[in-house]
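One structure is given here, and the rest of the page talks about it.
Bear in mind that the values in this text are calculations on the coordinates, not laboratory data. What you see is a predicted model; the values in this text were computed from it and never measured. For neighbour counting, all protein chains shown are included, and Cβ atoms are generated from backbone atoms with ideal geometry for every residue, glycine included.
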Amino acid sequence: MKFRITILCENSVGPISGTLGEHGFSALIEPAQGDPLLFDTGQGLTLLHNARRMNRDLSKIGRVVLSHGHYDHCGGLLPLLQENGPKRVYGHPALFRARHRIKDTGECWPIGIPHTRQELESAGADFDLSDEFREIAPQIYLSGEVPRATVFETGDQGLYCDCTGQEVDATPDDQSLVLETDKGLVIIVGCCHAGLVNTMEHVAYSLGRRDIYAVIGGTHLGFCGQEQFDMTVSALKCWGVQKIAAGHCTGFAASARLSREMPKEFQVALVGFTLEV
Ligand SMILES: [Fe+2]
Ligand SMILES: [Fe+2]
């Protein structure tokens, strides 16, 4: 099937007049047949505004997928529901876990979903939570929990369930969206805390095919060490991934390195980036 993918929320903006950036991610997925679907919602500061600026009608969205329970992916759900009515919302059972980032200085910041499940349900969210790989619409899949199989994808430092630092939050709820397109699989990643190679391997294992055409979204390569970066680039080349539209937690330095390593495949996925595939 053919799809149009549009980045609605991202840290930086492209040339579409009046669009705004925020630290966050949201992508609109419009299949050739069936209702559009929203993958992540940003913080809630720019989603509705940017969609209007880009003439994208969010009232037609049938489903919302939350990649994981961080504020910069889930904060836009409440304003979306308030403006556009009830939606079925897909995620992982650990979505509402309390989460914090403890900085080296000892400062502790809450980074979980900024609204309670009850608030969201009152506004029209119908949650469908599962850790399994599943098809949520024709030729659209949700990865479910991604096994942490590679040794070089070591996960984030500084993420904990509370400010005591006793319980590490390994972000088990991190999951990605997979589209079966005419050109191959397209994987849309929110923050990819699970690791890009772990995610690709899990998707390939689950669908029994390894033809990944494109990876779009937050790769988290801005938070990893040299070994993980090098191994990930090797994997992307080895798998023959033809498009890498990276943004959000990829960051400027890792984007520059990706651009140098894979100049034909790499693009920056700013607000307004659109891929028709
Ligand atoms: Fe993020
Ligand atoms: Fe995150």
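In table form, for the structure just shown:
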| read-out | value |
| --- | --- |
| Of residues in segment 15-32 being touching a Lys or Arg at 6+ places or on another chain (Cβ under 9 Å) and assigned to a loop (DSSP other than H, G, I, E, B), the one surrounded by the most Cβ atoms within 10 Å (Cβ to Cβ) | T19 |
| Test: residue in segment 166-181 that is farther than 26 Å from T41 by Cα, charged (D, E, K, R), in contact with a Cys (Cβ under 6 Å, 6 or more places away or on another chain) and surrounded by fewer than 20 Cβ atoms within 10 Å (Cβ to Cβ) | yes |
| Among (1) out of contact with any strand residue (DSSP E or B) (no Cβ under 8 Å at 6 or more places or on another chain); (2) more than 16 Å from ligand 2 (Cβ to nearest atom) - the single one Y213 does not satisfy | (1) |
| Test: residue in segment 61-72 that is over 24 Å from H92 (Cα atoms) and more than 16 Å from ligand 2 (Cβ to nearest atom) | no |
| Odd one out for Q228 among (1) more than 16 Å from ligand 2 (Cβ to nearest atom); (2) surrounded by fewer than 20 Cβ atoms within 10 Å (Cβ to Cβ) | (2) |
| Residue in segment 242-252 that is part of a loop (DSSP other than H, G, I, E, B), more than 15 Å from ligand 1 (Cβ to nearest atom) and touching a His at 6+ places or on another chain (Cβ under 8 Å) present | no |
| Residue count for segment 258-277, restricted to those that are of a type outside the set (F, W, Y), in contact (Cβ under 8 Å) with a residue 40 or more places away in the chain and farther than 17 Å from H220 by Cα | 6 |
| The lone exception for T232 - which of (1) under 27 Å from G21 (Cβ atoms); (2) within 17 Å of the chain's Cα centre (by Cα) it fails | (2) |
| Qualifying position, being over 19 Å from A123 (Cα atoms), touching a Phe, Trp or Tyr at 6+ places or on another chain (Cβ under 9 Å), more than 16 Å from ligand 1 (Cβ to nearest atom) and among the hydroxyl-bearing types (S, T, Y), among T6, T19 | T6 |
| Among residues of segment 198-218, those that are over 17 Å from T6 (Cα atoms), without any contact (Cβ under 8 Å) to a residue 60 or more places away in the chain and either not basic (K, R) or not in a loop (DSSP other than H, G, I, E, B) (or both), counted | 9 |
| Segment 85-112, residues that are of a type in the set (V, I, T), part of a loop (DSSP other than H, G, I, E, B) and away from ligand 2 (no atom under 14 Å from the Cβ) | T105 |
| Leading residue by the ranking (surrounded by the most Cβ atoms within 10 Å (Cβ to Cβ)) among those in segment 92-113 that are of a type in the set (D, E, K, R) and within 11 Å of D162 (Cβ to Cβ) | R99 |
| Those residues of segment 232-257 which are within 16 Å of ligand 2 (Cβ to nearest atom), free of Cβ contacts under 8 Å to residues at least 40 places away in the same chain and on the phi < 0 side of the Ramachandran plot, in sequence order | A246, T250, A254 |
